[in-house]
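Some notes on the structure that comes next.
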Amino acid sequence: MEGPIERGRNFHLLGDDELPKLLEFLTGHLPESLKFQQTVLTYMKNKVWDFYFYVDDDWPNVPICLHFPGMTQSPNGLLYESFGVFCPTKNLDCLHQLRSEDMLINWSKPLYINFVHCEIAKELFNLYEDTGKIEQVLGDVWACKELKYQDEHDEEDDDDDDNSTDGKVLQLCAEHAESIHELYPANDMECHELFLRLIKLLPAAGVFVDGKLAAWMIQSYYGAMFSMQTKPEYRRKGYGTRLARYLTRVVVDRGYTPFVVIRPENEASQSLYKKLGFCKLYQTVRATFIPYGYNECIDNSITCFVDAVRNIKIDNKIVDEFENDNIEQDDTKENNKNCIIKCIENIDHQHIDDKKIICDEDNDVTCDDAQVPDSGGDD
């Protein structure tokens, strides 16, 4: 993947040495900045993913900050295809700066916004309403202000919290990443490699029954405790509550603010987290912006190709985690690289004449316009 753009039309890239000041600014705007603030914090402490943080050229007078990408997987694998944004709700009029930002953000193509404050989302929708259609998913941010401790053997009030004496809460391992990613509801937005890194670098726990993984929960790169799931045969045993309580304690001990994003209609999860001392802060929105008249045919051909290459990249990451034989590891990666080159040779060029495909030495693949306008665009 090509490197980041140092300066856009209205925004400039921050160096790592400038991030503490950004974090201080965001901390001063809690709780509405929570998701962005925790993203910066996890980056500074653990660098789970390669994010690039930008602020307005007149920051902090114009208090807008961005991060690219907004999520770890997008249809075309482009760095600037998705983004996160924060602006204090009292300064939402400043967001008009985004509409004239045509070097970092390509408004003529689909864009993906990952969980922004609902008031920010409304302002973005107003700015975009004459440009295209918007698809959105809502989630409520619930944060823990005071953890309610409870003995694991105390009786609970309902069947879902029927804490059984079987099962052990243990740290997850890399071998669990693939199956967890496959069952993650938004696995089209977060890649398999991310789960490998989260398990390695951030709190990630599972309940194991007779040595088998029954339930799991992980802390994300944006701070939220997410991907809590229980296999059907192990449900209604209180494993979800045990995991949430355990991970909340670990997250607090590591200096993070425990929070979750819950669908508004998910009353069961809301009830669970209320018992643990969580309360609702605000609503957040994940959105896709699609320009009117956008021709998806071209990008669909590319997307299928990029998806195939991602599967090859997963093989490489698994090799990195499990293979100690350097010679065999190198051979596997070389074979995967040859597969990618063959895919490029065989792809139907009549559908992608106006595209270019980039495959670097790490098997990272992106596609973009063959001719990039001087004003900028996707890299």
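The values are calculated or read from the model by the stated rules, or taken from the named source; none is laboratory data. Here the structure is a predicted model, which means the values were calculated and not measured. Cβ: placed from backbone, ideal geometry, glycine included. Neighbour counts: every protein chain shown.
Only one of PHE115, PHE25 is outside any loop (DSSP other than H, G, I, E, B), surrounded by 18 or more Cβ atoms within 10 Å (Cβ to Cβ), at pLDDT below 95 and not acidic (Asp, Glu). Can you tell me which?
The match here is PHE115.
Can you find, within segment 72-86, the residue that is nearest to MET189 (Cα to Cα) among those that are of a type in the set (A, V, I, L, M, F, W, C) and modelled with pLDDT of 95 or more?
Of everything passing the filter in segment 72-86, PHE83 is nearest to MET189 (Cα to Cα).
Please determine whether any residue of segment 291-314 is modelled with pLDDT of 90 or more, in contact with a Gly (Cβ under 6 Å, 6 or more places away or on another chain) and within 25 Å of THR72 (Cβ to Cβ).
Taking every residue of segment 291-314 in turn, at least one turns out to be modelled with pLDDT of 90 or more, in contact with a Gly (Cβ under 6 Å, 6 or more places away or on another chain) and within 25 Å of THR72 (Cβ to Cβ).
Does TYR256 satisfy the criteria of being part of a loop (DSSP other than H, G, I, E, B), within 30 Å of GLN136 (Cα to Cα) and in contact with a Phe, Trp or Tyr (Cβ under 7 Å, 6 or more places away or on another chain)?
Here the answer is no, as TYR256 does not meet what is asked.
Can you spot a residue in segment 220-243 that is of a type in the set (S, T, N, Q), touching a Ser or Thr at 6+ places or on another chain (Cβ under 8 Å) and at negative phi?
yes
State all residues of segment 28-72 that are under 21 Å from CYS144 (Cα atoms), surrounded by 15 or more Cβ atoms within 10 Å (Cβ to Cβ) and of a type in the set (A, V, I, L, M, F, W, C); if no residue qualifies, say none.
Across segment 28-72, the qualifying residues are LEU34, PHE36, VAL40, LEU41.
Please go through segment 86-123 and pick out each residue that is under 22 Å from LYS280 (Cβ atoms) and aliphatic (A, V, I, L, M).
LEU92, ILE113, VAL116, ILE120, ALA121
In this structure, does ARG249 turn out to be assigned by TED's automatic domain parsing to the domain that holds GLU193 and surrounded by fewer than 17 Cβ atoms within 10 Å (Cβ to Cβ)?
The answer is yes for ARG249.
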